[in-house]
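The values are calculated or read from the model by the stated rules, or taken from the named source; none is laboratory data. In this text the structure is predicted, and so the values were computed from the model without any measurement. Cβ: placed from backbone, ideal geometry, glycine included. Neighbour counts: every protein chain shown. The accessibility values were calculated without ligands, DNA or RNA, using every heavy atom of the protein model including side chains. Shrake-Rupley method; radii C 1.70, N 1.55, O 1.52, S 1.80 Å.
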Amino acid sequence: MKFIRVSLEQKLGYVKFDPRETTAEAIRTEIYNMGFRASLSAPGEQADNTDSNLSTVYIQVHSY
């Protein structure tokens, strides 16, 4: 992963990642393993990245 920003107070965040190294589903699984449920945007959604090889996934985080 290249960049992660999460606000547990706002229950929102986003992750910039290289889709050649991981998937949005793998990110969701890791969040789940940390004790949180996460809803993700569509995998591979492009944001305002300077590196077109990166994807951004937006997350909504909920505790169990």
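Could you please find all residues in region 11-31 being without any contact (Cβ under 8 Å) to a residue 24 or more places away in the chain and in a loop (DSSP other than H, G, I, E, B)?
Listed by number, the residues that qualify are Glu21, Thr22, Thr23.
Per-residue answers, yes or no, for (1) modelled with pLDDT of 75 or more; (2) surrounded by 13 or more Cβ atoms within 10 Å (Cβ to Cβ):
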{"site": "Lys11", "(1), (2)": "yes, yes"}
{"site": "Lys16", "(1), (2)": "yes, yes"}
{"site": "Ile31", "(1), (2)": "yes, yes"}
{"site": "Ala38", "(1), (2)": "yes, yes"}
{"site": "Ser41", "(1), (2)": "no, yes"}
{"site": "Gln46", "(1), (2)": "no, no"}
{"site": "Asn49", "(1), (2)": "no, yes"}
{"site": "Thr56", "(1), (2)": "yes, yes"}
{"site": "Val61", "(1), (2)": "yes, yes"}
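I'm told Ser7 meets every condition in (1) open to solvent by less than 40 Å² (accessible area, probe 1.4 Å); (2) of a type in the set (S, T, N, Q); (3) at pLDDT 85 or above except one. Can you identify the failing condition by its number?
(3)
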